[in-house]
Amino acid sequence: KMSCDFQVFMGVDGCGIEIVDGNTYEGHFKNGLAEGHGKKTWVTGECYIGEWRDGLRHGRGECTYQGGAKYTGQFADGTFHGQGRFKWCDSTYYEGSWVYGREEGLGTKVWPDSESYKGHWKEGLRNGQGKAVFANQDCYQGDFLDGQEHGQGLYTWVDGEVFGGEFVDGKPHGLGVKSWPDGERYSGDWFE
């Protein structure tokens, strides 16, 4: 929280209000830049309340965007970095680790159609171990590469079919075992 009386910013250090090109910053300054806790409102409708360093969002904060999107979490050098939660206007949300504005590390993303993914991310894509539940409630658990099922995994269809084995580019490919609800089973090579 800020604990100072606001005045139009005139100095280099202290608390005040700065208005530039219609954008308004209220908070602490150091060497003429936003530093410490403050609030900035842009003419675009974006609003950030939180910590600042050297004039950039840095530390913990909350940013809301025109249309209702919202990010709450850690920032570094002006962008999402660390742990945080972003909710898009369509109610999609991602909660987890961010690296310079992209989903990276462990995190969970849920879409409005009930599709979800919990696992590892790299540069905004599913990469590494994870579990995806699709809109039709089919489920895949295993390796991902560049956003697709790729490597070893287990795919379970909502009708009870199950495939465990190798996947390439989102499809069963290579050695694997598939079983059907009626008890039928195939073990061997798959090429789809």
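The values are calculated or read from the model by the stated rules, or taken from the named source; none is laboratory data. None of the values given here were measured: they were computed from a predicted structure. Because the Cβ atoms are built from the backbone with ideal geometry, glycine has one as well, and the counts that use them run over all protein chains shown. Areas reflect the complete protein model, heavy atoms only, side chains present, ligands, DNA and RNA absent. Shrake-Rupley method; radii C 1.70, N 1.55, O 1.52, S 1.80 Å.
Sequence neighbours fewer than 8 away in the same chain don't count; with that in mind, list the lysines whose C-alpha is under 21 Å from K178.
Cross-link targets: K131.
With Cβ to Cβ distances under 15 Å as the rule, what net charge do the other residues near F134 carry (K, R +1; D, E -1)?
Combined, the nearby Lys, Arg, Asp and Glu give -1.
Under a point spin-label approximation (7 Å from Cα along Cα-to-Cβ), what is the L33-D189 distance to one decimal in nm?
6.1
So for region 84-192, averaging the separation of alpha carbon pairs under 8 Å that are six or more residues apart and normalising by length, what relative contact order in percent results?
The value is 13 percent.
Using the heavy atoms of the protein chains and a 1.4 angstrom probe, tell me the accessible area per residue for the chain in square angstrom.
Roughly 56 Å² per residue, with all protein chains present.
What is the sum of charges, Lys and Arg at +1 and Asp and Glu at -1, for the other residues whose Cβ falls under 9 Å from the Cβ of S116?
+2
Using Cα pairs closer than 8 Å and at least 6 residues apart in sequence, work out the relative contact order for the chain, in percent.
RCO, the chain: 7 percent.
Which whole-Hz ³J(HN,Hα) couplings does region 20-34 yield from phi under the Karplus relation 6.51 cos²θ - 1.76 cosθ + 1.60, θ = phi - 60°, glycine and proline marked x?
Karplus values, whole Hz, x for Gly and Pro: 9, 6, x, 8, 10, 10, 10, x, 8, 10, 9, 6, x, 10, 4.
Quick one: plug the Kirkwood hydrodynamic radius of the chain (C-alpha pairs) into Stokes-Einstein at 10 °C, 1.306 mPa s, and report D in µm²/s.
82
What percent of all Cα-Cα pairs in region 127-192 falls into each 10 Å bin, going from 0 up to the bin containing the maximum distance?
Histogram of Cα-Cα distances, whole percents per bin: 24, 54, 21, 1.
If the cut-off is a Cα-Cα distance under 23 Å, which lysines reach K40, setting aside same-chain residues fewer than 8 apart in sequence?
Here the lysines satisfying the reach criterion relative to K40 are K1, K30, K70, K87.
Can you compute the modelled spin-label distance between C139 and C47, with each label point 7 Å from Cα toward Cβ, in nm?
With each label placed 7 Å out from Cα toward Cβ, I get 4.1 nm.
Find the Rg to Rh ratio for region 17-85, where Rh is the Kirkwood radius over alpha-carbon pairs and Rg uses the same atoms.
0.96
Is the shape of region 58-134 rounded, prolate or oblate, going by the alpha carbon gyration tensor and its root eigenvalues a ≥ b ≥ c, with a/c under 1.5 for rounded and a/b larger than b/c for prolate?
Verdict is oblate for region 58-134.
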